[in-house]
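See structure below.
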Amino acid sequence: MALLSVPGAARWNERVDENEVIVGVGPLSAAEVVAVARHGARVRIDDQALEEIGKSRAAIEALAHAETPHYGVSTGFGALATRHIAPELRAQLQRSLVRSHAAGSGPEVETEVVRALALLRLSTLATGRTGVKVDTAQAYAGLLNAGLAPVVHEYGSLGCSGDLAPLSHVALAVMGEGPVRDAEGNLLDAGEALRAHGLTPIVLAEKEGLALINGTDGMLGMLVLALADLDRLVKTADLAAAMSVEGQLGTDRVFADDLQALRPHPGQRSAAANLRAILADSAIVASHRGPECNRVQDAYSLRCSPQVHGAVRDTAAHAATVADRELAAAIDNPVVLPDGRVESNGNFHGAPVGYVLDFLAIAVADLASISERRTDRFLDVARNHGLNAFLADDPGVDSGHMIAQYTQAAIVSELKRLAVPASVDSIPSSAMQEDHVSMGWSAARKLRKAIDGLQRVLAVEILTAARALDLRAPLAPAPATAAVRDALREHVEGPGTDRHLAPEIEHSVRLVADGTYLTVAEAVTGPLS
């Protein structure tokens, strides 16, 4: 069963061309977003999209010459929407809109987020519902293909009218203004960088400034990237849990499929199936599986791993449903409808995306919490079933993994704070015109930090569990958990006297983050679900 077992999930798990992604009038898949944002795939706008862009631009130009004011075409914006703008001032209006809204502050946002942001705005432009010129859409494709990432800042978006400030920094760059990073990370002036790649800065016409900055593209891009990470991490959590069950002489009987079928949550059943596959042929588990074994009541952190891990899966599946809908959306205000009408709307409000971003932060915090509890059990002689205190070589002289668990605990505590929802914290803006906002960008930013923390917590559990498996010798671990331990041992020595522990933790973090642990386990078990 796939993690993202929802309508349209095939688009989440599909393999895509990581060299080129075609942007058309229909939605991009999540895999295509990841290919462009994270792996540098090039983009191309297809012919149908170019035709639709041209049609909607013709509708905007007709309205621009009408005597009746039309919002975003011949008026000001937001609380200033009542002012009619003379034709000779409209180009300046669009430039001023982008410049004034490019008001972010704080640290730079990661390149993969900026690329996702720009790609998703291009996808909306390609629907033909925004009224931009063809050259403007092509400018976004050119920016992505040149590997130029506009500098976007941590703070500035309230998720009202979408991610206004982040999108404005991208629009500023295609105008040839502001700073960008090239593919090597060098900081350059946007105008110079565009010229160096044979690109021409765009001159915005009526409606175009609005079309470039009204959207949920930043929060949506971060949601898509987070779901891609969680697809790997929830399986890695199953792997870590299996190693902990094995290393703590727990029972695998509670993971039986007929027990899971009594409570038909799909994620729970997938997690239990993974645990059974990972623990298959374990001599350690077999050593206490007989009739004389009374270990049917392991601690919740071991026994209930499928229930917690499964709930995370089901939460991710719900978030994927929302992301799929948002990927299929054309978000702008006003929009150009297929019959040529230009209508104002509220589709830019980020509530649907903000809610699931917050929901995922709760699930991530709890997944890390149960991992830390499993790790802690290894270190206590009252609960670790015959292992040394703290898995130390000479307890008292050595501290073993005592402080590694402190590191986990510090991260889990931080993740609990990050689980506090941003989406309920609306704050009014724009002279009370934008009086209820989504805070979806903030929800996405804290989720990215939470996912990084989860990776680190799981890495410490695997590091500790691998040490325990070695200490169970001569009993042999399962082939899958042995493969994980052996992958770690290529970088980190086995049990012994205390060593500098931070580098060992970082090696384990890298093996979680790059998927090595999962790859070597699946080479034994086959694909995990």
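The values are calculated or read from the model by the stated rules, or taken from the named source; none is laboratory data. Since we're looking at a predicted model, the values are computed, not measured. Here the Cβ is made from the backbone with ideal geometry for all residues, glycine too, and neighbour counts use every protein chain on show. Heads up: the accessible areas ignore ligands, DNA and RNA and are worked out on the full protein's heavy atoms, side chains in. Shrake-Rupley method; radii C 1.70, N 1.55, O 1.52, S 1.80 Å.
Shape class for the range 447-529: oblate, because the ratio a/c of the largest to smallest gyration tensor axis (alpha-carbon atoms, square roots of eigenvalues) is 1.5 or more and b/c is at least a/b.
Using +1 at the C-beta of Lys and Arg and -1 at the C-beta of Asp and Glu, which of GLN248, THR216, PHE348 has the Cα lying farthest in the positive direction of the dipole of the range 216-350? Value: GLN248. Scanning residues 5 or more positions from THR75 or on other chains, those with amide H under 5 Å from its amide H are HIS70, ILE85, with H placed 1.01 Å from N in the peptide plane.
Partner lysines whose Cα lies under 22 Å from the Cα of LYS416, excluding those fewer than 8 positions away in the same chain, are identified as LYS235, LYS446, LYS449.
Within the chain, what's the longest stretch lacking GluC sites (Glu not before Pro) that sit in DSSP loops with no more than 11 other Cβ atoms inside 10 Å? Write down the numbers at each step before the final one.
Values: sites that count: GLU14, GLU67, GLU184, GLU292, GLU490, GLU493.
With a cap of 11 other Cβ atoms within 10 Å, the longest stretch comes to 293-489.
When MET439, MET219 are compared by accessible area at a 1.4 angstrom probe, the order from most to least is MET439, MET219. Taking every protein chain into account, the accessible area of the range 340-426 amounts to 44 square angstrom per residue (probe 1.4 Å).
Heavy-atom accessible surface of SER105, to the nearest 10 Å², is about 70 Å², with a 1.4 Å probe and all protein chains retained. Ordered from highest to lowest accessible area with the whole protein assembly present and a 1.4 Å probe, LYS55, LYS446 read as LYS55, LYS446. Shape call for the range 142-220 from the C-alpha gyration tensor, a ≥ b ≥ c root eigenvalues: rounded (a/c under 1.5), prolate (a/b greater than b/c) or oblate? Since a/c reaches 1.5 but b/c is at least a/b, the shape of the range 142-220 is classed as oblate. In this structure ARG263 has an accessible area near 130 Å², from a 1.4 Å probe over the protein heavy atoms. In terms of accessible area, using a 1.4 Å probe and ignoring ligands and nucleic acids, HIS101, HIS169 rank largest first as HIS101, HIS169.
The dipole here belongs to the range 431-529: it is taken about the Cα centre, uses +1 on the Cβ of Lys and Arg and -1 on the Cβ of Asp and Glu, and is about 120 debye. Near GLU20, the amide H atoms lying under 5 Å from its own belong to ARG42; only residues 5 or more places off or on other chains count, and H is placed 1.01 Å from N.
Think of the chain as having a plus end and a minus end, set by charges on the Cβ of Lys, Arg, Asp and Glu; of ALA523, ILE403, ILE427, ILE427 sits farthest toward the positive end of this dipole. Using a probe of 1.4 angstrom and keeping all protein chains present, the accessible surface of the range 427-529 works out to 40 square angstrom per residue.
So how tilted is helix 479-489 from the main axis of the chain? Cα-based, degrees 0 to 90, rounded to 10. Approximately 80 degrees, to the nearest 10. Per-residue 3J(HN,Hα) values for the range 338-353, derived from phi via the Karplus relation 6.51 cos²θ - 1.76 cosθ + 1.60 with θ = phi - 60°, read x, 8, x, 5, 10, 10, 6, 6, x, 5, 6, 5, x, 3, x, 6 Hz in sequence order (x marks Gly and Pro).
For the range 366-437, what % of the accessible area comes from carbon and sulfur atoms, probe 1.4 Å?
Values: 1920 of 3590 Å².
The computed percentage sits at 53.
Along the axis of the charge dipole computed for the chain (Cβ charges of +1 for Lys and Arg, -1 for Asp and Glu, origin at the Cα centre), the listed residues ALA64, ILE362, ILE505 are led at the positive end by ILE362.
Roughly what % antiparallel, to the nearest 5, for the DSSP beta bridges in the chain?
Working: 11 of 17 bridges.
Expressed as a percentage, antiparallel bridges in the chain total about 65.
Taking every C-alpha pair closer than 8 Å and separated by at least 6 residues, the mean separation divided by the residue count of the chain gives a relative contact order of 17 percent. In this structure the range 15-160 gives 41 Å² per residue of accessible area when probed at 1.4 Å with all protein chains present. An oblate overall shape is assigned to the range 81-134, the ratio a/c of its alpha-carbon gyration tensor axes (a ≥ b ≥ c) being 1.5 or greater and a/b not exceeding b/c. A simple charge model with +1 on the Cβ of Lys and Arg, -1 on the Cβ of Asp and Glu and nothing else charged puts the dipole of the range 267-347 at about 500 debye relative to its Cα centre. When only alpha carbons are used to place a centre, the range 318-333 and the range 295-315 end up 31 Å from one another. Between the Cα long axis of helix 266-279 and the first principal axis of the chain there is an angle of about 40°, rounded to the nearest 10.
Given the DSSP H assignment, sum -39500 (n - 2.57) over each helix run of at least 4 residues in the chain and divide by its residue total; what's the result at 222 nm in deg cm²/dmol, nearest 500? Don't skip to the answer; put the middle values down first.
Working: 21 runs with 287 residues, N = 529.
Estimated from H runs of four or more residues: -17500 deg cm²/dmol.
In the range 105-181, the portion of solvent-accessible area held by carbon and sulfur atoms comes to 55 percent [1.4 Å probe, whole percent, DNA, RNA and ligands not counted].
With +1 assigned to the C-beta of every Lys and Arg and -1 to the C-beta of every Asp and Glu, and no other charges, what is the dipole magnitude of the chain about the Cα centre in debye, to the nearest 20?
Values: 47 positive and 65 negative charges, 146 e Å.
Around 700 debye, computed over the chain.
Share of carbon and sulfur in the accessible area of the range 187-258 stands at 51%, probe radius 1.4 Å. Against the chain, whose longest principal axis is taken from its Cα atoms, helix 90-101 shows a tilt of about 30°. Bridgeable lysines around LYS55 (alpha carbons under 24 Å apart, same-chain partners fewer than 8 residues away excluded): LYS133, LYS207.
Measuring with a 1.4 angstrom probe and ignoring ligands and nucleic acids, ARG99 comes out at about 120 Å² accessible.
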